[in-house]
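Undergrad: Okay, handing you the structure first.
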Protein chains: 4
Amino acid sequence: MRVVLGPNRYGKAEVRLVRVVRDGGVHHLKDLTVSTALSGDMEAVHLTGDNTAVLPTDTQKNTVYAFARKHGVAEIEDFAILLARHYVESQPAVHHARVSVEEHFWDRIPVPSAGGGPGAGDRRHSFVRSGRETRTCLVHHDADGTTTVVSGLKDLVVLNSTDSEFSGFAEDEYTTLRPTADRVLATEVSARWRHLPAGPGKAASYGESYDEVRRHLVEAFAGTYSLSLQQTLYAMGERVLNARDEICEVRLVLPNKHHFTVDLTPFGMDNPNEVFHAADRPYGLIEGAVLRDDAPEARFSWE
Amino acid sequence: MRVVLGPNRYGKAEVRLVRVVRDGGVHHLKDLTVSTALSGDMEAVHLTGDNTAVLPTDTQKNTVYAFARKHGVAEIEDFAILLARHYVESQPAVHHARVSVEEHFWDRIPVPSAGGGPGAGDRRHSFVRSGRETRTCLVHHDADGTTTVVSGLKDLVVLNSTDSEFSGFAEDEYTTLRPTADRVLATEVSARWRHLPAGPGKAASYGESYDEVRRHLVEAFAGTYSLSLQQTLYAMGERVLNARDEICEVRLVLPNKHHFTVDLTPFGMDNPNEVFHAADRPYGLIEGAVLRDDAPEARFSWE
Amino acid sequence: MRVVLGPNRYGKAEVRLVRVVRDGGVHHLKDLTVSTALSGDMEAVHLTGDNTAVLPTDTQKNTVYAFARKHGVAEIEDFAILLARHYVESQPAVHHARVSVEEHFWDRIPVPSAGGGPGAGDRRHSFVRSGRETRTCLVHHDADGTTTVVSGLKDLVVLNSTDSEFSGFAEDEYTTLRPTADRVLATEVSARWRHLPAGPGKAASYGESYDEVRRHLVEAFAGTYSLSLQQTLYAMGERVLNARDEICEVRLVLPNKHHFTVDLTPFGMDNPNEVFHAADRPYGLIEGAVLRDDAPEARFSWE
Amino acid sequence: MRVVLGPNRYGKAEVRLVRVVRDGGVHHLKDLTVSTALSGDMEAVHLTGDNTAVLPTDTQKNTVYAFARKHGVAEIEDFAILLARHYVESQPAVHHARVSVEEHFWDRIPVPSAGGGPGAGDRRHSFVRSGRETRTCLVHHDADGTTTVVSGLKDLVVLNSTDSEFSGFAEDEYTTLRPTADRVLATEVSARWRHLPAGPGKAASYGESYDEVRRHLVEAFAGTYSLSLQQTLYAMGERVLNARDEICEVRLVLPNKHHFTVDLTPFGMDNPNEVFHAADRPYGLIEGAVLRDDAPEARFSWE
């Protein structure tokens, strides 16, 4: 028996980058959390502590900030690709780079409606953070020339207050659940979708692609009469694939955020699906991939 | 020396209540976290474990759900008042009730713009959680007949990318900070405001009052050319008091979410307030109250 | 009606300070989170943004680190007193300082038991973080010469698997809870205790005082046959006051971490208090103060 | 192009199970968080919402509790194997089960040292939660008869206050870091290790195996003079593999919890590695696998 080094990577995680672009008096804000990780000829550092091949994680942090100034930040996927290629192309010992970026959205604070008054126009540089969701991407670039792009979102909480059933399920000796023909269906969507190698495709940009995929996911959730959360999951993925040529696979993680109807009969009341207890734990957890049958090999796309 | 019981209260915290109202096919959603706490003749339970005076916290949980069905939930302040009075009026041993409520906002999922198509109209019962802020209230009702109402919000993150300076400050031997004439000013607003006893006043409801106070807070933040976060804090409170007759005091907790300009000179670049590091800890913390000089005694309002 | 400034303070929160003392080859570790807040002649900065009276929060951060080098860090209370006095005594505009400190405990990694071998002795500088609790203190110093010291702990989770009942409670129309003669009682202790002005008193140090108070709290929790969590709370406070001359008041916040017996009868099994569901929310919340009848006025001690 | 279903699983996550065993007056406590996930003939439920193959997640929750009563809970790996096999063997549509368990440790509250006194002996049923680490396991069982067991731990924070260097690293135009011959090295260990199919091997139980692997990880961290965190990672994994025959692969995730020496020169002080700022973000992140060259195929072990 001999001990050997297996897959490994190292990098700087959660670099918090905020970039402000001043377009005359109108400012634009980009708020990102960037993580980079490198792999390659890393036997020596693991076995003997020889750091010759190791570009410090501190340097990786600096690079994120420097690239934001040098190249700007348009879509997070483009920024991630730029960083990933940079490491592989500039560091001989680095054969693979993984870059993940999260984008935190902000809205402009609206200008007061009536009469202008003191301060009108100030909102050109005033923002309020939108808590609705976080946009994500995961980019890999390999020394063999392959670049993979997965886009995504998380923290998107959605709820249908009807048009959801659950019945006809398998039962065993530990089953006590009763079937229901009308329940609340709520979930916190974590979705990631893999782009075909050609890039954002018919979309003009990764940004446009993101907006459309997000819209299809939400509309599929809202528009599906659901017999199970699995069915909803599949409908969400299928709709994205049918609508967006640039996407070849969608992976969804959907916790079932249970809303239990409270039993009010001890107090002489009925409860016609009006009053719910929103539970924390445990929760159902539905995970699945939906893909085109001609999707290319994923390789390291999702890792 | 004798050991005695001091101030005390007990109750059920963080009851998660979701209520759905069906108005034909259009559903309305209310998502609350409710905490209740009671005080009164509680010597016996503390000193000997005699529970005669103790209405169980489990009963308090039941009451929240039952009241949601019996009375509905309009504004959170009204719901909190109802609960607080109920305990004091129905339990001889309870002389004081404290009810705090958080409201989590949801937006309606928009109907697809083009052509209707399958599923159009479904969005009448489909929602996406708005992450923008949490609305809060804190209500006390005492056996002497006094009811106090404090409304508030938290988790509201705002940012001005310019029109903020910091200079002319005191310096001592441990001061290394340089004055700045242009910086990013960002904070996560926690605000609470005390209503005059008359209730929402000129506002038709606590809901209208909330919307207006929130608007004034945000606009004052955005519209103030800031020489210090303290100045911004005062401007926010002052504006609410000047605009809203029903409010007599505003208390604000404003962490200074530092955005540090990254030094890019080692890389041969300038950084004209474009690239920032958003720091986590430590952070400045500015806390203050702004009030009308004729504000009545606060008593237990804020506790 | 005129708008006026009410109580206010500002400072630097959550300065993360780790100090290593090298005693020959044996190292000692102190891991603190320090927050300081100042009050005084702060009208100008709030009303006009004039920062003349404002010692920057950045300076306060520097001072924490500089004092750690200059004065060392023994007990957190002593360190907090040093900082609080410094600000009030050195800054004319500062009339009051509030310093809160959290201490995160570490244990030494034990030396391998057998044979020594390579690396034996290394553990003199190797530590593992103890997750058992966080020690806290809150110190105020006022320009009138008053210093108040409150010590405390949080995140201490304790559980009795028997010797806890709950029965004989008040009931109303919303009560469904059944009395129980044997239940699990678990809580996450947040405790703070106020020192008499003389300081740690008969204890040689705040450290010794802390160790003893903590021991009495835990033993009182464990040793009390509990008819209600309120009774346990009072017993914990009372025991500290009886045992420790230097303490005049104890305040406790005890969430009731419910452990519900799972109903296994649908599966043909009994459940003699063996299998429990540990619930998250909602939870009971018991808060109370226990004090000596001759305790001096608390003034700003707890704020 | 056709849309197809890819890999998927569903189950109940984070079932909070506490089990108390009464051994005369001495109680034993087991505190677990259990998640189960099933896969198999799940085309129908995704494509049409036909739940015939779906054993409800609610049933999975019930099963966890019922099994705790029926079979007890010894080592978490054994409990997970029991659950995983149960689903695959009892549900025709289920071909694969994944069970992950976390164990939260508690210590016994010590009996007062002196004299016994009232309450002595009570501690036989009194516990305090140890915050030191969380034990984990991940078990898969497949219809082809394969069972895989991965054990692990997380939340274990360790620190060496010396015997750590970092120098001789690669540099590029974005490198500003200076080499250091003496630094603090701290990390929060997340480790998982794969068992050979034979089970805990020379260890009498998974519990003994856990204790030994944990000890080796901690001692390797403490005993390694570190030239890089990668070197420490490898040393930790290598030591486990050399010492424990039952383990064939170790995977480690080690965030570099940076402790930066504070520059005190502006205040006329040196700082001989005494005062540190413990930073939050960004942080280095070192991930790697160490394995025996004859380790069998991992298949789904880590998923």
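Undergrad: Could you tell me whether any residue of region D:215-223 is within 30 Å of C:LYS70 (Cα to Cα) and not assigned by TED's automatic domain parsing to the domain that holds D:GLU102?
TA: yes
Undergrad: Does at least one position in region B:196-211 carry a residue that is within 16 Å of B:LEU252 (Cα to Cα) and of a type in the set (Phe, Trp, Tyr)? Working first, answer last.
TA: As a first pass, look at region B:196-211 and keep what is within 16 Å of B:LEU252 (Cα to Cα): B:210.
Next, from what is left, pick out any that are of a type in the set (Phe, Trp, Tyr): B:210.
There is at least one residue in region B:196-211 that is within 16 Å of B:LEU252 (Cα to Cα) and of a type in the set (Phe, Trp, Tyr).
Undergrad: Quick check on region A:274-293. Is at least one of its residues closer than 30 Å to A:ALA97 by Cβ and among the charged types (D, E, K, R)?
TA: Within region A:274-293 (the criterion being closer than 30 Å to A:ALA97 by Cβ and among the charged types (D, E, K, R)), the answer is yes, since at least one residue qualifies.
Undergrad: Now, a different point. Would you please list the contacts, defined by Cβ atoms under 6 Å and residues six or more apart or on different chains, that run from a residue in region C:163-185 that is free of Cβ contacts under 8 Å to residues at least 60 places away in the same chain and under 18 Å from C:SER226 (Cα atoms) to a residue that is in a loop (DSSP other than H, G, I, E, B) and of a type in the set (Val, Ile, Thr)?
TA: Close Cβ pairs (under 6 Å, with a partner that is in a loop (DSSP other than H, G, I, E, B) and of a type in the set (Val, Ile, Thr)) amount to C:PHE169/B:VAL54; C:ALA170/B:VAL54.
Undergrad: If I filter region D:154-192 down to residues being part of a strand (DSSP E or B) and either in contact with a Ser or Thr (Cβ under 6 Å, 6 or more places away or on another chain) or in the same structural domain as D:TYR87 (by TED's automatic domain parsing) (or both), which single residue comes out as nearest to D:LEU38 (Cα to Cα)?
TA: The residue in question is D:LYS154.
Undergrad: For the list (1) among the hydrophobic types (A, V, I, L, M, F, W, C); (2) crowded, with 18+ Cβ neighbours inside 10 Å; (3) closer than 15 Å to B:LEU233 by Cβ; (4) free of Cβ contacts under 8 Å to residues at least 24 places away in the same chain, I need the number of the one condition that C:ALA44 fails.
TA: Among (1) among the hydrophobic types (A, V, I, L, M, F, W, C); (2) crowded, with 18+ Cβ neighbours inside 10 Å; (3) closer than 15 Å to B:LEU233 by Cβ; (4) free of Cβ contacts under 8 Å to residues at least 24 places away in the same chain, C:ALA44 violates only (2).
Undergrad: Another question, if that's okay. With (1) more than 10 Å from chain A (Cβ to nearest Cβ); (2) assigned to a helix (DSSP H, G or I) as the list, and D:LEU29 as the residue in question, which single condition is left unmet?
TA: For D:LEU29, the failing item is (2).
Undergrad: Follow-up. Looking only at residues in region D:48-91 that are assigned to a loop (DSSP other than H, G, I, E, B) and under 17 Å from D:LYS30 (Cα atoms), which one is farthest from the other protein chains (Cβ to nearest Cβ)?
TA: Within region D:48-91, the match that is farthest from the other protein chains (Cβ to nearest Cβ) is D:GLU75.
Undergrad: Inside region A:167-176, can you point out the residues that are in contact with a Phe, Trp or Tyr (Cβ under 9 Å, 6 or more places away or on another chain) and surrounded by 16 or more Cβ atoms within 10 Å (Cβ to Cβ)?
TA: A:TYR174, A:THR175
Undergrad: Next up: In this structure, is C:VAL213 under 18 Å from C:VAL158 (Cβ atoms), more than 9 Å from chain B (Cβ to nearest Cβ) and either surrounded by fewer than 16 Cβ atoms within 10 Å (Cβ to Cβ) or not basic (Lys, Arg) (or both)?
TA: yes
Undergrad: A further question on this structure: Scan region A:194-202 and give yes if some residue there is free of Cβ contacts under 8 Å to residues at least 12 places away in the same chain and assigned to a loop (DSSP other than H, G, I, E, B), otherwise no.
TA: To start, the set of residues in region A:194-202 that are free of Cβ contacts under 8 Å to residues at least 12 places away in the same chain comprises none.
Among the residues of region A:194-202, not one is free of Cβ contacts under 8 Å to residues at least 12 places away in the same chain and assigned to a loop (DSSP other than H, G, I, E, B), which makes the answer no.
Undergrad: Could you list, in sequence order, all residues of region D:284-303 that are surrounded by 15 or more Cβ atoms within 10 Å (Cβ to Cβ) and basic (Lys, Arg)?
TA: Within region D:284-303, just D:ARG292 meets the criteria.
Undergrad: Additional query: Mind telling me which of the residues D:SER164, D:SER190, D:SER205, D:SER151 ends up being closer than 30 Å to D:HIS86 by Cβ, surrounded by 20 or more Cβ atoms within 10 Å (Cβ to Cβ) and not charged (D, E, K, R)?
TA: Going through D:SER164, D:SER190, D:SER205, D:SER151 in turn, the sole match is D:SER151.
Undergrad: Got at least one residue in region D:233-241 being among the aromatic types (Phe, Trp, Tyr) and surrounded by 22 or more Cβ atoms within 10 Å (Cβ to Cβ)?
TA: Yes.
Undergrad: Let me ask you something else. When region B:47-64 is examined, which residues are found to be over 23 Å from B:GLY6 (Cα atoms) and free of Cβ contacts under 8 Å to residues at least 12 places away in the same chain?
TA: Passing the criteria: B:THR59, B:ASN62.
Undergrad: B:PRO266 versus (1) of a type outside the set (Asp, Glu); (2) closer than 14 Å to B:VAL184 by Cβ; (3) surrounded by fewer than 20 Cβ atoms within 10 Å (Cβ to Cβ): which is the lone unmet condition?
TA: Failed condition: (2).
Undergrad: Return the total of residues in region A:47-75 being buried (at least 21 other Cβ atoms within 10 Å of the Cβ), farther than 17 Å from A:ARG19 by Cβ and among the hydroxyl-bearing types (Ser, Thr, Tyr).
TA: 2
Undergrad: Restricted to region C:203-216, and to residues that are of a type in the set (A, V, I, L, M) and touching a residue at least 40 places away in the same chain (Cβ under 8 Å), which residue is farthest from C:GLY237 (Cα to Cα)?
TA: C:ALA203
Undergrad: Please go through region C:144-181 and give me each residue that is closer than 30 Å to C:ALA97 by Cβ and hydrophobic (A, V, I, L, M, F, W, C), ordered by number.
TA: C:VAL149, C:VAL150, C:LEU153, C:LEU156
Undergrad: Considering only residues that are buried (at least 21 other Cβ atoms within 10 Å of the Cβ) and not small (Gly, Ala, Ser), which ones fall in region D:1-15?
TA: Those that are buried (at least 21 other Cβ atoms within 10 Å of the Cβ) and not small (Gly, Ala, Ser): D:ASN8, D:TYR10, D:LYS12, D:VAL15.
Undergrad: Further question on the same structure: Being more than 7 Å from every other protein chain (Cβ to nearest Cβ), in contact with a helix residue (DSSP H, G or I) (Cβ under 9 Å, 6 or more places away or on another chain) and charged (D, E, K, R) is the filter here, so list the residues in region B:156-182 that pass it.
TA: Selection gives B:GLU171 alone.
Undergrad: Here's something else I'd like to know. Which condition breaks for D:ARG135 when tested against (1) in contact with a Phe, Trp or Tyr (Cβ under 7 Å, 6 or more places away or on another chain); (2) within 23 Å of A:LEU55 (Cα to Cα); (3) within 14 Å of chain C (Cβ to nearest Cβ); (4) not aromatic (Phe, Trp, Tyr)?
TA: (2)
Undergrad: Which of the residues belonging to region B:16-26 are surrounded by fewer than 16 Cβ atoms within 10 Å (Cβ to Cβ) and either in a strand (DSSP E or B) or not small (Gly, Ala, Ser) (or both)?
TA: Step one: filter region B:16-26 for residues surrounded by fewer than 16 Cβ atoms within 10 Å (Cβ to Cβ), giving B:21-26.
Listed by number, the residues that qualify are B:VAL21, B:ARG22, B:ASP23, B:VAL26.
Undergrad: Only one of these conditions is not met by C:ALA97: (1) in contact with a His (Cβ under 7 Å, 6 or more places away or on another chain); (2) without any contact (Cβ under 8 Å) to a residue 40 or more places away in the chain. Which number is it?
TA: Here C:ALA97 meets the rest and fails (2).
Undergrad: For region A:193-232, give me each residue that is at pLDDT 95 or above and of a type in the set (A, V, I, L, M).
TA: Within region A:193-232, A:LEU196, A:VAL213, A:LEU217, A:VAL218, A:ALA220, A:ALA222, A:LEU227, A:LEU229 meet the criteria.
The values are calculated or read from the model by the stated rules, or taken from the named source; none is laboratory data. Since the structure is predicted, the reported quantities are computational estimates derived from the model, not experimental observations. No Cβ is skipped: glycine too gets one built from the backbone with ideal geometry, and neighbour counts run over all protein chains shown.
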